[in-house]
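Undergrad: Just passing along the structure, written as structure tokens.
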Amino acid sequence: MQSSVFSNEVRIGRRILAAVTILVALLALPAAVGIPFASGDVARFASRPVMWTDCPAEDLRAAGARCAEISVPLDYSVPHGATITIAVSRIEARDTARRRGILLFNPGGPGGPGLSYPAELRPVLGEVADQYDLIGFDPRFVGLSTPISCGGIGEYVRAAGLSWRDYAESVEYARDVARRCWRAAAHYIPYASTRNTARDMDVIRAVLGEPRLSYVGVSYGTYLGAVYTQMFPERADRIVLDSAVDPDGYPVHADWSTGSATESAFDEWAAWAARHHKRFGFGTTGVRVRATVRGLLERAARVPIRVGEYTVDEQVIPLLITFYLADAGSDEPLAEVVGQLRAAARGRPAADPHLLANLAALYGKDGSDDGAALSITCGDGEFPRDPLWYWRNIEQVRGGQPFFGPLARNISPCAFWRSRPLERPTVVRNDSPALIVHATGDVWTPYADALALHERLTGSRLVTLAGVRTHGVFGGVPNACVERHVKTYLHTGVLPAADVTCRPERQ
């Protein structure tokens, strides 16, 4: 992502002053207003010529892609007002005789840049990719699409810690992040939402002259795709939703189910580490390994651990661990990281490159910034404002989820957001055809989310990858069964006759 939208403090000041007037008006609005966007308004943007140029990324240029900027309304309730630009890439269909149309991609987030994602997935798509113009895009306020920043906040999520004092610190951290975001990007924040991104997708479709669009979305991208089918059902063609989000839980309760799923994955890792006790020395049983990590957490609560230029405490360690638990193939790297943290706690320097890279991302030292992700999340639903509400929910699950419940249910900066969302969250209930793909061991979007989305999209089919702990199945885990069903659907438009279960392949 870009580190900042604005080039200097003068421009920031002017836009914040202008935003004050906007915010006064927003706070006077009801909690939900419908934002119309008629076909005539689409036509205004569709009539503008698209100027295709060389793409900024080498992987896109190597794939033969061309890039462009497409104008969309900043505020869809004022379609003839201010505009922003959306960065779009296109890899044209090679099989022009059987060209199907356009296939859009979203890699997740919210806040994930997607300009290069078609080039990443093209190899696994194989020949079916030849039938489509593959379209990548950075969603509004992300990457090259009029980016916004909260001043280098990195990951805005933290665990609540072990005590009320720890939790109070996380409340102040969340409050400060919200304050920094509004100070940096008040002019744009009110218009960050999934519904507006779905509208942007429809403008892209119209600009490219297509009556319908097909779509592959991963993680949060499944929610975006589901919202698109709800808002524009007649324009949704072949929809693939990989590692699904429960649309009824998003955004306020989106992470709640991850607490239990992550604890289970942690148990799996602890059992693995116990089998490798001679190498790592964490304990000969899963219970003892858990106790070792618990001791590390308590040590970091008393005296934060120095790792290079970073400070690692009890609010950061659970988040670090989740980076690795999402994939069973990361069991060994996670053990290395825990060993490095234990050594650092004893005064020995930690030098694991994966640990340092993850800390750089977490603290925003690698140029990353979760400002867009946070703004979209807060724009998608109204979060409770009372810190005690979050504390009660943390305490309710702490006994069964001691490591990750305080992370999954902790307070968000959205609790301190300066304006209410312009629209209610989208209620997803439709019969649009869609293929949902999900692994049973998914930690970040647990399998129950896929079942929920499948129930709400009554025209969908579910392809389950059983017995695998991973997030992002298609293109993420080699599996001929999953790949066959996804590619067959994109090729023919025919969903499986019934839900399908795929088994893991031997590696």
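Undergrad: Looking only at the range 77-91, count every residue that is under 27 Å from the mean Cα position of the chain (by Cα) and farther than 20 Å from Leu144 by Cα and tell me the total.
TA: Total satisfying the criteria: 1.
Undergrad: Out of the range 350-409, which residues are acidic (Asp, Glu) and open to solvent by 20 Å² or more (accessible area, probe 1.4 Å)?
TA: Within the range 350-409, Asp352, Asp366, Asp370, Glu382, Asp386, Glu395 meet the criteria.
Undergrad: Taking the range 64-94 only, how many residues are touching a Ser or Thr at 6+ places or on another chain (Cβ under 9 Å), surrounded by fewer than 20 Cβ atoms within 10 Å (Cβ to Cβ) and assigned to a loop (DSSP other than H, G, I, E, B)?
TA: Qualifying residue count, the range 64-94: 1.
Undergrad: Specify the residue that is nearest to Leu121 (Cα to Cα); the eligible residues are those in the range 47-62 that are at pLDDT below 95 and touching a Cys at 6+ places or on another chain (Cβ under 9 Å).
TA: Only one residue fits best here, namely Ala57.
Undergrad: Restricting attention to the range 215-273, report how many residues are in a helix (DSSP H, G or I) and of a type in the set (Val, Ile, Thr).
TA: Of the residues in that region, 5 qualify.
Undergrad: Of Gly281, Gly364, which residue is on the phi > 0 side of the Ramachandran plot, at pLDDT below 95 and small (Gly, Ala, Ser)?
TA: When all the criteria are applied, what remains is Gly364.
Undergrad: Within the range 158-176, restricting attention to residues that are aliphatic (A, V, I, L, M) and surrounded by fewer than 24 Cβ atoms within 10 Å (Cβ to Cβ), which residue is farthest from Val303 (Cα to Cα)?
TA: Filtering the range 158-176 for residues that are aliphatic (A, V, I, L, M) and surrounded by fewer than 24 Cβ atoms within 10 Å (Cβ to Cβ), the one farthest from Val303 (Cα to Cα) comes out as Ala174.
Undergrad: So, in the range 182-196, of the ones that are part of a loop (DSSP other than H, G, I, E, B) and open to solvent by less than 30 Å² (accessible area, probe 1.4 Å), which residue ends up farthest from Thr222 (Cα to Cα)?
TA: The extreme case among them is Ala186.
Undergrad: Every residue in the range 340-349 that is assigned to a helix (DSSP H, G or I) and surrounded by fewer than 17 Cβ atoms within 10 Å (Cβ to Cβ), please.
TA: Matches in the range 340-349: Ala343 only.
Undergrad: Just one of Arg179, Arg158, Arg199, Arg175 is more than 18 Å from the chain's Cα centre (by Cα) and either farther than 23 Å from Gln315 by Cβ or not in a helix (DSSP H, G or I) (or both); which is it? Walk me through how you get there before you give the answer.
TA: Values: Arg179 fails: either farther than 23 Å from Gln315 by Cβ or not in a helix (DSSP H, G or I) (or both); Arg158 fails: more than 18 Å from the chain's Cα centre (by Cα); Arg175 fails: either farther than 23 Å from Gln315 by Cβ or not in a helix (DSSP H, G or I) (or both).
None of the others qualify; the one that does is Arg199.
Undergrad: Another question, if that's okay. Would you tally the residues in the range 106-145 being within 20 Å of Tyr223 (Cβ to Cβ) and part of a strand (DSSP E or B)?
TA: Total satisfying the criteria: 4.
The values are calculated or read from the model by the stated rules, or taken from the named source; none is laboratory data. Being a predicted model, the structure only gives us computed values, none of them experimental. Methodologically, a virtual Cβ is constructed for each residue, glycine included, from the backbone with ideal geometry; neighbour enumeration extends over all protein chains shown. Each accessible area value is taken on the protein alone, full model and side chains, heavy atoms only, with ligands, DNA and RNA left out. Shrake-Rupley method; radii C 1.70, N 1.55, O 1.52, S 1.80 Å.
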